[in-house]
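> Mind having a look at this structure? Questions to follow.
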Amino acid sequence: MLSCRNLTVRPKPNAPALVHGATAHFAAGGLHALIGPSGCGKTTLLKGILDILPSEGEVLLHGHPLASREELLRDVAFAPQFSIAHGKLTVAEAVGYALKLYQKTDEATLAARNDELLQLVGLQERGATLVEKLSGGQLRRLGLALELTTDPRCLLCDEVTSGLDPRSEDQIIAVLRALVEQRGKTVVCVIHNLAKLSQFDTVTVVFEGVVVWQGPLAAMLEHFGISDALELYDRLSEQTQEEWRDRWAAVVAAQGESHAGSVSPAPLPAGSRRVSARPSVGSQLVTLLARRWRLLVRDRGYLLLTMAITFGFPCLVVIFALGGLPQMKGLALETTGGFLEMLQAKASHRQAAAETATLVSGLIIFQVILLCLMGSNNGAREIAAERTLYEKERMSGLRPVAYAWSKLLYTALLGAAQGAWMTVFVKLLCEFPGGWGAQLAVLSVTGASMSVVCLGLSAMLSSPDKASLLSIYLVGFQLPLSGVVLALPAALVWAVRPFIATYWGWAGYLTAMTDSSFYDAVGTLDKGWLSPPLVAVGVLGAHLLTGAALVFWGCQRKCWP
Ligand SMILES: Nc1ncnc2c1ncn2[C@@H]1O[C@H](COP(=O)(O)OP(=O)(O)OP(=O)(O)O)[C@@H](O)[C@H]1O
């Protein structure tokens, strides 16, 4: 079914190899154990076969070399060490969304298949339980059910029994055995408990990055000269990796053409269900948005935080405006009286204008900075926090373009809605003058563009903490580099301005007030050229497009955390 020949696997191109020249064959319809001391390269071998890590050598499916590794993924699924699903979904929802993402069929068939899969892995009683409430063993079973949603012919399981009590371990192995015997699957399972090897059809032993045995358990005991599998690792440590490798090579040579290295091509099975029935980009997009919406509503903590900043930040702006509102409203008073009174009135008017200008300018930049903070909260963790899950779903048939669009739509719409709400709330309560359309557009695009730029960082980085930190730095530098509060050195102004969203948000909002005394007052502060709203929206739109390009690029590249 699945073989590799002389497979060398590296963590990065040109880095030292972790697995050297591995040759192994996993026959169709068998339950195969992959064992070896901790850190010997079992997971790395599986990742090399699946092209998760860069590798050289050959991977064969049904004895035929693969034209591309994507071809492999139509038939082979990978259940990683830690099962991954959104904790806030129920078991049935997690499996249901996976089925919808990978299978193009009607709702009734999907529901029936969902029930069948839960039954198969023994989770039929747990359909309504939240994933985060499952035990370790139940999580592993869910992981298997999720892998089976694509109906693969071969399943590579990485330590799906590790850390479980003996009973749960037996139950998982029983599920794997049932998959082999009742469904005709081929299962390769990395396992640590050597006492369970008798339940497998073959054993593959990896030692220091090299395959040093493959065959039935009894023959393995004989090969290593031990009476119990539990003695294997002690025995391995008695000789060098080279000696074990040479010894295995001699066995393979003696067995001649019939063994692992020489896999005769089998007729290719009929077309896979995975690719032929894969839903369209649009259909996957709708499923992903529906899942995102459900997660938003389910995750009370995140929902509360998002609502708190969406509605709390505009209140904060108004609170800071309260003290200055009378002063702002009194700015347009005409100066009357005699010459001396006129001079005194002009001087005090100029002082009031300067104070008002500082206040108005400060309130506008405050709105913009708070929107940038909301954008960072919207986008920074969105992809990086679920990167492993995304990479797994992508291996199963999720299209990167559908995923990228779903994230873009979600964060951009959320950011734009926050910008619009900020505009409406603050404008109504502070009675800011200026065109509604222009100001709504400027602040909505500010919120959307910062959300999407932070989403872009999230797509490029594998760690959510790094993505959050970088986004916070990005927001933190917006204020000083905007040139609104602190004057920038002239040489720097146009070097940094194009990239600083807060300048464009601030200037675009302010210039929408051109016909008001507020604008005249700010003019007295001499902040230099102020961008009109249309230009500001254009530049912020360019930021948004740059962020979107990062999102598509980041989702396209492989990035296993
Ligand atoms: N991405 C990586 N970059 C660098 N080294 C890595 C990477 N992945 C694994 N390694 C190293 O490769 C070696 C093999 O790791 P691997 O996870 O394959 O071992 P394993 O046999 O599955 O171990 P365990 O049974 O403890 O899970 C280890 O020394 C590990 O530190």
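> From the alpha carbon gyration tensor of the stretch 1-158, can you work out the equivalent ellipsoid semi-axes (sqrt of 5 times each eigenvalue) and give them in Å, largest to smallest?
Working: eigenvalues 195, 63, 36 Å².
That gives 31, 18, 13 Å for the three semi-axes.
> In addition: Hey, what did the stretch 87-146 get for relative contact order, percent, Cα under 8 Å, at least 6 apart? If you can, show how the numbers build up before the last one.
Numbers: 54 pairs, mean separation 30.5, N = 60.
Value for the stretch 87-146: 51 percent.
> Let me ask something else about it. Taking amide H atoms as placed 1.01 Å from N in the peptide plane, list the residues 5 or more away in sequence, or in a different chain, whose amide H sits under 5 Å from that of Ala79.
Leu156, Cys157, Asp158
> Another one. Helix 533-556 versus the longest principal axis of the chain: what angle, 0 to 90°, nearest 10, using Cα atoms?
10 degrees
> Turning to a different aspect of this structure: Can you give the alpha-carbon Rg of the stretch 87-146 over 2.2 N^0.38 Å, where N counts its residues?
Numbers: Rg = 10.7 Å, N = 60, 2.2 N^0.38 = 10.4 Å.
Against the empirical 2.2 N^0.38 Å value, I get 1.02 for the stretch 87-146.
> Determine the relative contact order of the stretch 287-556: mean sequence separation of Cα pairs under 8 Å and six or more apart, normalised by residue count, in whole percent. All intermediate terms of the calculation are to be shown ahead of the outcome.
Details: 384 pairs, mean separation 71.9, N = 270.
Once normalised by length, the contact order is 27 percent.
> Per 20 Å bin, what percent of the C-alpha pairs of the chain does each bin hold, from zero upward?
Binned Cα distances yield the sequence 19, 39, 24, 13, 4, 0.
> By how many nm would the segment from Asp165 to Thr8 grow when fully extended, if each residue of separation counts as 0.36 nm and the alpha-carbon distance is taken off? Mind showing how you got there, number by number?
Values: separation 157, 0.36 × 157 = 56.52 nm, distance 3.44 nm.
Gain on stretching Asp165 to Thr8: 53.1 nm.
> Report the Rg/Rh value for the stretch 82-209, based on alpha-carbon coordinates and the Kirkwood definition of Rh.
Values: Rg = 14.8 Å, Rh = 15.2 Å.
Using Cα coordinates only, the ratio equals 0.98.
> If each of Leu486 and Glu71 carries a label point 7 Å out from its Cα toward its Cβ, how far apart are those two points in nm?
Roughly 6.0 nm, to one decimal.
> Please give the helix 281-298 orientation as an angle from the longest Cα principal axis of the chain, in degrees from 0 to 90, rounded to the nearest 10.
The angle comes out near 70 degrees.
> In what sequence, highest mean first, do 467-477, 63-73 appear when ranked by Cβ atoms within 10 angstrom? If you can, show how the numbers build up before the last one.
Working: 467-477: 18.7, 63-73: 14.1.
Going from most to least packed, we get 467-477, 63-73.
> Of the listed peptides 414-424, 3-13, 491-501, 23-33, what is their order by residue-averaged count of other C-beta atoms within 10 Å, with the highest listed first? Working shown, then result.
Values: 414-424: 22.6, 3-13: 16.9, 491-501: 15.1, 23-33: 19.9.
Packing proxy ranking, top to bottom: 414-424, 23-33, 3-13, 491-501.
> Are there cysteines in the chain with no other Cys C-beta under 4.7 Å, and if so, which?
Here Cys4, Cys40, Cys154, Cys315, Cys372, Cys430, Cys454, Cys555, Cys559 come out as lacking a disulfide-compatible partner, given the Cβ-Cβ threshold of under 4.7 Å.
> When only alpha-carbon atoms count, how far does the stretch 405-539 stretch along each of its three principal axes, as whole angstroms with the largest first?
Taking max minus min along each principal axis of the Cα atoms, the stretch 405-539 gives 49, 36, 23 Å.
> Hey, another quick one. Quick one: of the DSSP bridges fully inside the chain, what percent are antiparallel, nearest 5?
Numbers: 19 of 36 bridges.
Antiparallel bridges make up about 55 percent of those DSSP assigns within the chain.
> Another one. Highest first, please rank the peptides 210-216, 365-371 by the mean number of other Cβ atoms sitting within 10 Å of their residues.
Working: 210-216: 21.4, 365-371: 25.4.
Going by the mean number of other Cβ atoms within 10 Å, highest first, we get 365-371, 210-216.
> Roughly what angle does helix 300-322 make with the longest principal axis of the chain, taking Cα atoms, 0 to 90 degrees, to the nearest 10?
10 degrees
> Oh, and also: So for the stretch 287-556, what percent of the C-alpha to C-alpha distances run longer than 35 Å? Don't jump to the answer; show the numbers that get you there.
Numbers: 8389 of 36315 pairs.
Looking at the stretch 287-556, the distances longer than 35 Å represent 23 percent of pairs.
> What is the stretch 28-127's relative contact order, in percent, from Cα pairs under 8 angstrom and six or more apart in sequence? Before the final figure, lay out each step's value.
Working: 40 pairs, mean separation 15.0, N = 100.
That works out to 15 percent.
All of the numbers you see were taken from the coordinates with simple rules; none came from a lab. Just so it is clear, the model here is predicted, and its values are computed rather than measured. Methodologically, a virtual Cβ is constructed for each residue, glycine included, from the backbone with ideal geometry; neighbour enumeration extends over all protein chains shown.
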